[in-house]
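Scroll down for the structure; my scribbles are underneath it.
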Amino acid sequence: MSTKTGNVPLKQDFSHLKTGRINLTILRDSILQQIKRCMNQFQTEKSNLPKQFTKDKCVIIDDDIKNLLGHIQALNELGANDIRIFKERQHDTSDYKITLFIVRPKPIYMEIIANMIRDEMNKLTQLKTKETILKQYGIIFVPRQSRVCEEKLKEKGVLGDIIIDELNLDFLPIDTDLLSMESYDCFRDLYLNKDTTPIFNLAHGLITLQQLYGIIPNVFVKGDKAKQCYDSMMRMQREVPDNEKKVPTQIENLILIDRSIDLITPMMIPATYEALLDETFGIQFNRIEVPTSSFSADFREVQKLDITTQEKVAVRLLSTDKLYSDTRYLHMISVGKILQEGARAQRQLRTDFDNQFSGSASNIQGKKLAELREFVTRMSNQNAKTQTLSTHLELAFFIKQELTSMYDMYLSNQLSMLFSPTLQDGLHHTDERIALKDNIFCILRYLSIITQSLGTQLKRKDYDLIKKDLIQSYGLQYLVLIHALEQVGILVVPDIGKSTSSIKTNETNFERLKREFNLLQDEQTINVIDPQDIFYIYYQYAPISIRLIEKIVFPTAINIQDTMNILPGITFIDTQQVPMELKRQRHGSTTSISSLNKPNKQQIQQQQQQATESRVTLVVFIGGVTYGEIAALRFLADQNHDFIIATTHFINGTNLMKSLLDVPILPL
C-alpha cells in the first residue's frame with residue numbers, strides 16, 4: 001500500500017506483462033518509441049542555450065494524459081525540466097527555449113495556447129535580440145491531430161510558429177490479458193452525442209495490434225457501433241503496405257461487441273471482490289483511492305496514517321500481488337474465508353516462532369540447520385501471500401459493513417425482477433426506496449432492470465409517475481440525467497401504442513434471451529466456493545455479452561449467426577486473409593481447409609503443436625466492460641482457449657450513468 005501524493009501515478013513493474021498469452025511489453029515498447037520519435041523534434045544542446053533562456057524544455061500536459069503516460073512509466077521520456085498540468089489559463093514559459101503542449105484536440109484549448117504564445121513572443125520581441133526567433137513551440141495531439149484545431153490556430157495567427165505532431169495513445173496494457181483505451185467519455189460520445197471519433201480511434205488501435213501481433217483471421221461483429229468499427233478498420237487495413245504485414249498471427253478470433261446489446265449487465269450488482277472494489281472506490285490504472293477514515297484506528301496506527309493530513313490512501317491492485325491475484329475473481333464469501341485462513345496462518349507462524357526460537361541465542365544455535373531452513377521456507381511462502389493481508393482485510397470489511405445491507409436489498413429485488421417480473425412488485429419496491437431517499441443511482445439501476453425485463457407490462461403512465469416521484473424527491477437537476485438514460489437505452493420508455501391484448505400474448509424480448517442464452521440459474525443455492533459456471537459472479541445471473549462470446553468460441557450444432565441475430569443490432573461474420581507465409585508460422589490457430597486435403601510431414605507436426613497450444617480470442621468491448629464480465633471471461637479461459645480483453649474503458653452501473661452528464665450533479 002502506498003499513500004497518495006498528488007496526482008502522480010504509482011510506479012510499478014511491467015515485467016509481468018511478458019507472462020501472458022501474448023507479450024504485451026511489445027505494445028508498451030511501441031508506445032515508448034512513438035514518444036521518443038515525437039520528442040526528437042524538440043531537442044537542443046544545453047551548452048548552446050541562448051542568453052534569454054535559462055531552461056531547456058517545459059511540457060504542459062493534460063492531467064488525464066499525464067496519468068496515461070505515468071501508467072506506462074513514460075514521463076521520463078519527455079526529457080522536460082518542468083512538467084505542468086494544462087489548465088484553462090495561461091502559463092508563463094518565456095524563460096524556456098522549448099514549450100511543448102501535450103493535449104486533447106479541443107478548440108477551446110487552442111485559444112488558450114494561441115494567446116499564451118502571442119504574449120510570450122511579444123515579450124521576447126521587446127528584448128530586441130536576434131536570438132529571439134530560436135524559441136520553439138510544439139503541440140502534440142493525443143490521440144490524433146485535428147483539422148479544426150489547426151484552423152483555430154491559423155485563425156489566431158500562430159500556426160506557422162508551432163510544430164504539430166500526434167501521439168497515438170490507443171490501447172494501453174493494464175494486465176497480462178487486459179487492454180484499455182481509458183476513454184471515459186466514450187459511451188457518452190458514441191451513444192448520446194453520436195460522435196464517431198471513438199470508433200476511428202478504436203479502429204486505429206486494432207490496426208496497431210494487428211501490426212504487432214499479426215492479422216486476426218476470424219472476425220465476429222455484433223452491434224451497429226461494432227460494425228462501424230470493423231468497416232473503419234478494414235479501410236485502414238487496405239492502406240497498410242503488404243511489406244508491413246510480416247508478423248505471424250498470434251490471435252485466432254476477433255469479437256467486436258457493442259455495449260448496447262447488453263445494458264442489463266452493468267446495472268446488476270456483482271459479487272466478486274475486484275468488481276465490488278470498483279463499485280465502492282473506482283479502480284483506475286490498477287489502483288484505488290480509499291478514504292483514510294475507512295480504515296480502522298489500529299490499521300491507521302500501524303501504517304502511520306494521519307486522518308487529518310491524509311484524505312485518501314492509494315492502494316495498488318496488481319496481479320503480482322499473490323493474495324489479490326488469488327481472490328480478485330472470487331465470490332466475497334470465498335474471499336472472506338481465504339483472508340481468515342491467511343490471518344490464522346500468520347498468527348500460527350508467529351506462535352511457532354515464539355515456541356521454537358524464543359529465549360537466548362544459545363537455544364537458537366542449538367537448533368538443527370534443517371529446522372531453521374524449513375521455518376524460513378514457511379515464512380517466505382507465507383509472506384508472499386500475506387504481505388498485503390491486512391490491507392485486503394480492511395477493504396473487505398469495509399465493503400461488508402458499508403455496502404452489504406444496501407446491496408443485498410437491491411440484489412434481491414433485481415434478481416426477483418429477472419426471474420419473475422411483476423409490475424406490482426417493481427412499482428412497490430421503487431416507491432419504497434424513493435420514500436427512504438436511497439442513493440438515486442441505485443434506484444435508477446433498479447429502474448433500468450424493471451424497464452428492460454417487464455417489456456409491455458410496464459405502462460407509460462406508471463413509468464411517468466416514477467419519473468415524477470424521482471424529480472420531486474431528488475431535484476429537477478436529475479431530469480437531464482433521466483432523459484439521457486432514455487436516449488441511450490438504459491431506461492426503456494414504454495410505447496404508448498402497445499395494446500393490452502399484446503401484453504397478454506407476446507413474449508418479451510428479455511424472456512426470449514433468458515431462454516436462448518441460459519441467463520438465470522434456477523437453483524436457489526449456487527456453489528460459490530467451487531463454481532461450475534459463471535452464475536456465481538452475479539449470484540444467479542449470467543451476463544448476456546459473455547453468453548454470446550461463449551457460444552461463438554465454444555460453438556454447438558446451432559448456427560452461430562442465428563444465435564447472434566437474437567440480440568439487437570447488426571450481425572456480421574467475416575474472415576481476414578492471412579498471407580501464406582504467415583499462415584505456416586501461425587501458433588494456436590486452426591489450419592485452413594485446403595491444407596487438410598494433402599497434409600505433409602511438416603503440416604502434421606504443425607497441427608500437433610497447435611493441438612497442444614491454446615487458441616487466443618481478442619474480445620473488444622465498445623462502450624466499456626465491467627469487472628464482472630472480465631471475471632467471467634477469465635473463468636471461461638481454460639487450457640484450450642485464452643482471452644485477451646480490450647475495451648474503451650471500465651464501467652459499472654453508477655459511473656456509466658454519471659458519464660452521461662457533461663457537468664457532475666452536486667449532491668443535495
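Readers should treat all values here as calculations from the given coordinates under stated rules, not as data from a laboratory. These figures come from a predicted structure and were not determined experimentally. With ideal geometry, Cβ positions are generated from the backbone for all residues, glycine too; neighbour counts draw on all protein chains shown.
Structure notes:
- Calculated from backbone phi, Karplus (6.51, -1.76, 1.60) coupling profile of segment 456-461 in Hz, x at Gly/Pro: 6, 5, 7, 8, 4, 5
- Here segment 466-484 and segment 112-188 have alpha carbon centers that stand 40 Å from each other.
- Gap separating the Cα centres of segment 272-337 and segment 633-662, nearest whole Å: 20
- Burial ranking of peptide ranges 465-476, 193-204 (average Cβ count within 10 Å, highest at the top): 193-204, 465-476
- Taking amide hydrogens as placed 1.01 Å from N in the peptide plane, the amide H of Ile174 sits under 5 Å from those of Leu179, Ser180, each at least 5 positions away in sequence or on another chain.
- Couplings for segment 136-144, taken from phi via the Karplus curve 6.51 cos²θ - 1.76 cosθ + 1.60 with θ = phi - 60°, read 10, 10, x, 10, 10, 7, 10, x, 9 Hz in order; Gly and Pro are left as x.
- Computed over the alpha carbons of segment 25-170, Rg followed by Dmax gives 15.0, 50 Å.
- Remark on Ile60: its backbone amide H falls under 5 Å from those of Arg84, Leu100, Phe101, Ile102, a criterion applied only to residues 5 or more positions apart or on other chains, H modelled at 1.01 Å from N.
- Using θ = phi - 60° in the Karplus curve 6.51 cos²θ - 1.76 cosθ + 1.60, the 3J(HN,Hα) couplings for segment 232-240 round to 5, 5, 5, 5, 5, 4, 5, 8, 7 Hz; x is entered for Gly and Pro.
- Ranked by how many other beta carbons lie within 10 Å on average, peptides 532-542, 63-73, 295-305 from highest: 532-542, 63-73, 295-305
- Entry note, segment 422-507: relative contact order of 36 percent, from Cα contacts under 8 Å with a spacing of 6+ residues.
- Contour excess over end-to-end distance, with Cα ends at Ala435 and Gln487 and 0.36 nm allotted per residue: 16.1 nm
- Nearest-20 debye value, segment 25-170 charge dipole, Cβ charges on Lys, Arg, Asp, Glu: 320
- For segment 422-507, the C-alpha radius of gyration sits at 1.07 times the compact-globule guess of 2.2 N^0.38 Å, with N the residue count.
- Sorted peptide list for 641-654, 276-289, criterion being average Cβ within 10 angstrom, highest first: 641-654, 276-289
- Under 5 Å between amide hydrogens, built in the peptide plane, is the criterion, and for Val616 it picks out Glu252, Asn253, Asp642 among residues at least 5 positions away or on other chains.
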